[in-house]
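Novice: Structure in structure tokens, see below.
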Amino acid sequence: RLLSTVAKLETLVKATAEKKKEPVVESEVRRLRELTFQTVFTPVHQLFLGLDSVVQSVSASHSKKVSLHCRASTDQILRDYLTELRGALVHLVSNSVVHGIETPQARIERGKDPQGLLTVELFQDERFICLEVHDDGGGVNLDKLRRSYEKENRPQSWEALELEEKVNLLFETGRSLRDTADHHAGRGVGLAAVRESVHRLNGRVFFKPVAQGTCLRIEVPSPFFLSRCLIARSCGKVFGLATSSIEKVEVLEGEEHALPVLGLAFGYEVQQAERPHYVVWCKDEVSAKKSVRKGFLISDCQGISEILGYALPSVSHLSPSAFGVASWDGETIFLLDLEDLRMETNSARVTQKYVPRVEEDVKRVLVVDDSVTTRTILLDVLKRNGYSVEQAVDGLDAQAKLAEQSFDLIVCDLEMPNLNGLEFLEWLRSEQSPYPSLPFVLFTSR
């Protein structure tokens with residue numbers, strides 16, 4: 001919410017500065033944004049701090065030689081995630097040294113460098129913060145794991161288990177492949193503790209298949225992220241297109257392409273005559289034969305920008321290509337991955353003449369929610385189903401909207417500042433309200 005507030009302030013200041021030429025105000029908002037980032041994020045080196053000492057201590061205790069390499073694709077990490085991820089990381093690093101990396105003699109016998117390599121990598125994968133711990137050791141000892149499993153008289157035989165099910169047994173409390181325990185390993189609590197920490201962040205941890213050694217990957221959803229996007233306009237809407245899914249952009253020069261219009265493919269309808277001027281070619285669909293190249297038509301292209309996006313939950317009526325929303329020039333926009341955007345069966349051609357759709361007896365809905373993400377999703381779903389939608393940020397704002405316009409339905413969140421959903425509903429059904437019988441839907445994420 002802090003970042004969302006700062007983004008709104010930046011938009012207001014931009015408009016004010018253009019009229020009043022107030023560079024001082026602009027600098028103050030930039031300073032506020034920096035302070036907000038310092039509150040929400042922390043330097044990523046805090047996550048890796050002291051890991052080299054952990055590796056040295058554990059490897060010395062087990063007569064091993066291990067080299068640690070840490071890298072990150074970002075300079076910052078969410079402060080709220082630091083404690084849980086750091087605790088999980090220490091467990092995983094210790095586990096890799098004890099169980100993954102072989103002794104120098106064993107490595108030499110296998111034709112390896114006597115010093116093992118342990119790599120820790122942090123990176124952002126669109127909607128997820130990913131942390132990988134990869135060692136070049138001998139991998140999971142499935143023979144020991146099988147013997148441990150068969151001692152328990154489980155109803156399902158070892159042979160009936162898939163490989164993923166077998167290695168995931170290591171996340172069970174009390175499960176260990178060591179015959180003896182010490183203060184570093186052998187008690188069967190390390191990976192179980194990692195799983196609990198990751199689950200508290202609504203994430204998951206799993207063994208990632210690799211050619212050599214063992215790789216454990218943690219994925220936790222990121223409430224917001226930085227994404228490099230091409231800013232494009234189509235069907236009167238602005239979109240952020242992930243550059244990772246774009247091969248190139250071409251200017252249309254009178255050539256007709258049997259390609260879908262981006263906005264139509266996403267589900268919007270054209271509100272006014274609009275002629276596409278660019279083709280955005282999809283990276284993974286580009287072929288040597290031009291006839292099979294896949295792309296989308298857009299009316300305007302506004303360059304590439306690093307955008308602070310907010311993650312979206314999975315919604316049945318929302319295209320899976322939308323991986324987030326962001327604030328752009330005072331407007332809430334969808335961030336799209338073209339690789340995931342389904343192609344429309346009937347492609348709209350460049351020469352198509354667009355005629356605005358005439359709405360008859362359109363039902364009007366007022367959406368009341370203090371979350372810009374939730375409002376964006378509800379507005380999109382309702383508009384796609386033919387409703388005219390207005391939005392309010394809380395109960396007080398909704399009262400003001402009702403004084404200005406009439407509505408057929410109110411969809412309202414329960415928990416909001418100023419005037420929450422129950423308080424707003426109580427007023428709506430009171431004698432003072434001019435709309436005591438107006439249909440009302442109250443929802444909550446709890």
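Read-outs: derived from the displayed coordinates by stated rules, not from any lab. Computed from a predicted model, the values in this text were never measured in an experiment. Cβ coordinates were reconstructed from backbone atoms using ideal geometry, including for glycine residues, and neighbour counts include every protein chain displayed.
Novice: Answer with one residue from Leu419, Phe443, Phe407: the one whose Cα lies farthest towards the positive end of the charge dipole of the stretch 364-443, charges on Cβ with Lys, Arg +1 and Asp, Glu -1.
Specialist: Of the listed residues, the answer is Phe407.
Novice: I'd like the Karplus ³J(HN,Hα) series for the stretch 371-383: coefficients 6.51, -1.76, 1.60, θ = phi - 60°, whole numbers in Hz, and an x wherever there's a Gly or Pro.
Specialist: 8, 5, 5, 5, 4, 4, 5, 5, 4, 5, 5, 5, 5
Novice: What is the gain in length, in nm to one decimal, between His277 and Gln124 on full extension, counting 0.36 nm per residue of separation less the C-alpha to C-alpha distance? Before the final figure, lay out the partial values.
Specialist: Numbers: separation 153, 0.36 × 153 = 55.08 nm, distance 3.27 nm.
Value of the extension gain: 51.8 nm.
Novice: Once Lys and Arg get +1 and Asp and Glu get -1 on their Cβ, which of Gly116, Ala60, Ser94 lies farthest toward the positive end of the dipole of the stretch 44-221?
Specialist: It is Ala60.
Novice: Between Thr39 and Ala106, what FRET efficiency comes out of the Förster formula 1/(1 + (r/R0)^6) with R0 = 45 Å and r the beta carbon distance, rounded to 0.05? Don't jump to the answer; show the numbers that get you there.
Specialist: Numbers: r = 48 Å, r/R0 = 1.07.
Result of the calculation: an efficiency of 0.40.
Novice: Which entries of Lys166/Lys208; Lys248/Lys383; Lys64/Lys112; Lys208/Lys294; Lys144/Lys166 have Cα-Cα distances beyond 22 Å here?
Specialist: Working: Lys166/Lys208 13 Å; Lys248/Lys383 31 Å; Lys64/Lys112 13 Å; Lys208/Lys294 31 Å; Lys144/Lys166 11 Å.
Distance filter (> 22 Å) returns Lys248/Lys383; Lys208/Lys294.
Novice: Another question about this same structure. Taking θ as phi - 60°, what are the ³J(HN,Hα) couplings along the stretch 432-442 by the Karplus curve (6.51, -1.76, 1.60), each to the nearest whole Hz, with x for Gly and Pro?
Specialist: Values per residue, Gly and Pro as x: 6, 7, x, 10, x, 10, 5, x, 9, 10, 10 Hz.
Novice: A further question follows. How do Asp394, Asp369, Asp329 rank when sorted from fewest to most other Cβ atoms within 10 Å of their own Cβ? All intermediate terms of the calculation are to be shown ahead of the outcome.
Specialist: Numbers: Asp394 20, Asp369 25, Asp329 12.
Fewest-to-most Cβ neighbours within 10 Å comes out as Asp329, Asp394, Asp369.
Novice: Another question, if that's okay. Using only C-alpha positions, report the orientation-averaged shadow area of the convex hull of the stretch 364-443, nm², one decimal. List each step's numbers first, then the result.
Specialist: Details: hull surface 18.5 nm².
For the stretch 364-443, the mean projected area of the Cα convex hull comes to 4.6 nm².
Novice: Please arrange Phe407, Phe266 by counting, for each residue, the other beta carbons lying within 10 Å of its beta carbon, fewest first. Walk me through the intermediate numbers first.
Specialist: Values: Phe407 20, Phe266 24.
Ascending Cβ contact count within 10 Å gives the list Phe407, Phe266.
Novice: Counting Lys and Arg as +1 and Asp and Glu as -1, each charge on the Cβ, what is the dipole of the stretch 364-443 about the Cα centre in debye, to the nearest 20?
Specialist: Here the stretch 364-443 has a charge dipole of around 360 debye.
Novice: Once amide H atoms are built 1.01 Å from N in the peptide plane, which residues 5 or more positions from Gln76, or in another chain, come under 5 Å H to H?
Specialist: Counting only residues 5 or more places away or on other chains, the set is Val44.
Novice: In percent, what relative contact order does the stretch 44-221 have, based on Cα pairs under 8 Å that are 6 or more apart in sequence?
Specialist: Numbers: 294 pairs, mean separation 42.2, N = 178.
Over the stretch 44-221, the number comes to 24 percent.
Novice: Report, by chain and number, residues whose modeled amide H sits under 5 Å from the one on Phe128, excluding near sequence neighbours (fewer than 5 apart, same chain).
Specialist: Here Ser222 satisfy the definition.
Novice: Can you tell me how much longer the chain between Arg154 and Gln399 gets when fully stretched, taken as 0.36 nm per residue apart minus their C-alpha distance, in nm with one decimal?
Specialist: Values: separation 245, 0.36 × 245 = 88.20 nm, distance 6.14 nm.
Length gained, Arg154 through Gln399: 82.1 nm.
Novice: Show the residues, 5+ positions off or on another chain, whose built amide H is closer than 5 Å to the amide H of Tyr278.
Specialist: The answer is Leu252, Ile298.
Novice: Classify the stretch 44-221 from the C-alpha gyration tensor, please: rounded if a/c falls under 1.5, else prolate or oblate depending on whether a/b exceeds b/c. Display every interim value, and only then the final one.
Specialist: Working: a/c = 1.70, a/b = 1.17, b/c = 1.45.
Because a/c hits 1.5 or more and a/b fails to exceed b/c, the stretch 44-221 counts as oblate.
Novice: Please state the charge dipole magnitude for the stretch 44-221, taken about the Cα centre, from unit charges on C-beta atoms (+1 on K and R, -1 on D and E), reported in debye and rounded to the nearest 20.
Specialist: It comes to approximately 320 debye.
Novice: Can you give the Kirkwood hydrodynamic radius for the stretch 55-119, in Å, rounded to one decimal and based on Cα pairs?
Specialist: Here the Kirkwood hydrodynamic radius works out to 13.1 Å.
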